[in-house]
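Right, one structure below, let's go through it.
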Amino acid sequence: MDFTFLNKDNIDKEHICCTLSKNHSAEIAHRKKWLKQHFSDGLVFKKLPVHGKVFIEYVPAEKAWRPVIAGGYMFIHCLWVSGRYKGCGNAKALLNECIKDAEGMNGVAVVTSSKSFLTDKAFFLKQGFELCDTAPPYFELLALRLKKDAPMPVFTEKSKTLLTDRAENLVIYYSNQCPYFESNAVEMKQTAEEAGLSVSLIKHETADEAQKSACAHGTFYAFLNGKFLTHKPYTAEQFKKLLDKNR
């Protein structure tokens with residue numbers, strides 16, 4: 001199976017799978033800029049050469065945008081296969097690309113959850129991954145060890161605290177690792193302010209900042225009145241309902 005390997009030379013001409021609509025030009029620009037900035041970290045983005053969501057993104061765990069301790073592992077940020085491309089072996093083929101690139105390393109790791117917006121763990125368990133660690137409220141760290149004596153990855157202790165030191169009613173931490181995070185963070189901020197809440201947006205600009213997150217998702221999460229609210233980005237209408245439910 002042939003995949004397209006994005007790099008700084010072809011990324012401007014290629015679509016990035018998770019954002020296909022031309023109506024999201026700003027989101028596409030943010031995402032492509034983020035990818036360009038991190039190819040030098042060993043970041044890999046491979047996709048099926050079709051107009052669909054069939055791709056994998058991974059990076060050496062030392063540069064992962066998740067709060068994990070996984071030295072010597074390759075870390076999967078995202079593996080997404082949708083629509084008519086599911087059930088055709090594409091997910092396994094993409095995963096095998098990552099495993100091949102991890103040859104000589106300790107293994108491959110990934111954060112999963114039973115909640116949406118993260119890859120479900122069932123697929124990875126079927127491929128031989130093991131549960132290594134958990135973090136509240138529903139995050140799980142899985143790994144496929146390629147060296148028998150390799151240490152198992154773990155979440156950082158801070159990521160298990162789900163605490164923020166900010167005083168605002170709503171605090172949203174985000175990055176451009178996903179194309180929609182920034183635009184949704186802004187929508188959520190505006191919705192909360194219209195509801196009379198004080199809001200702070202905090203952008204993670206580096207992998208180091210994401211690795212110091214107080215939530216295992218690392219790249220997008222929000223606190224309401226000091227308590228963890230969500231790791232999912234919402235539109236204004238969706239977020240208004242969530243606020244009404246949690247106030």
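The values are calculated or read from the model by the stated rules, or taken from the named source; none is laboratory data. Keep in mind the model is a prediction, meaning the values are calculated, not measured. Positions of Cβ are generated from backbone atoms using ideal geometry, with glycine treated the same way; all protein chains shown enter the neighbour counts.
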When only residues in the range 26-49 that are over 15 Å from the mean Cα position of the chain (by Cα) and hydrophobic (A, V, I, L, M, F, W, C) count, which is nearest to residue 2 (Cα to Cα)?
48
Scan (1) surrounded by fewer than 19 Cβ atoms within 10 Å (Cβ to Cβ); (2) assigned to a helix (DSSP H, G or I); (3) within 15 Å of the chain's Cα centre (by Cα) for the single condition residue 205 breaks and write down its number.
(2)
Kindly provide the set of residues from the range 153-170 that are surrounded by 22 or more Cβ atoms within 10 Å (Cβ to Cβ), part of a strand (DSSP E or B) and out of contact with any helix residue (DSSP H, G or I) (no Cβ under 8 Å at 6 or more places or on another chain), ordered by number.
155
For the range 138-153, give me each residue that is closer than 17 Å to residue 111 by Cβ and among the charged types (D, E, K, R).
140, 145
Out of (1) on the phi > 0 side of the Ramachandran plot; (2) surrounded by fewer than 19 Cβ atoms within 10 Å (Cβ to Cβ), the odd one out for residue 130 is which?
(1)
Somewhere in the range 81-89, is a residue touching a residue at least 12 places away in the same chain (Cβ under 8 Å), under 22 Å from residue 155 (Cβ atoms) and either among the hydrophobic types (A, V, I, L, M, F, W, C) or not assigned by TED's automatic domain parsing to the domain that holds residue 55 (or both)?
no
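Would you confirm, using the coordinates I've provided, whether residue 110 is surrounded by 15 or more Cβ atoms within 10 Å (Cβ to Cβ) and either polar (S, T, N, Q) or more than 22 Å from residue 10 (Cβ to Cβ) (or both)? Steps first, please.
Numbers: surrounded by 15 or more Cβ atoms within 10 Å (Cβ to Cβ): yes; either polar (S, T, N, Q) or more than 22 Å from residue 10 (Cβ to Cβ) (or both): yes.
So residue 110 passes the test.
Here is a check on your reading of the model: is residue 183 outside any loop (DSSP other than H, G, I, E, B), in contact (Cβ under 8 Å) with a residue 60 or more places away in the chain and surrounded by fewer than 21 Cβ atoms within 10 Å (Cβ to Cβ)? So that I can check it myself, show each step before the final result.
Details: outside any loop (DSSP other than H, G, I, E, B): yes; in contact (Cβ under 8 Å) with a residue 60 or more places away in the chain: yes; surrounded by fewer than 21 Cβ atoms within 10 Å (Cβ to Cβ): yes.
Yes; evaluated as a whole, the condition is true for this residue.
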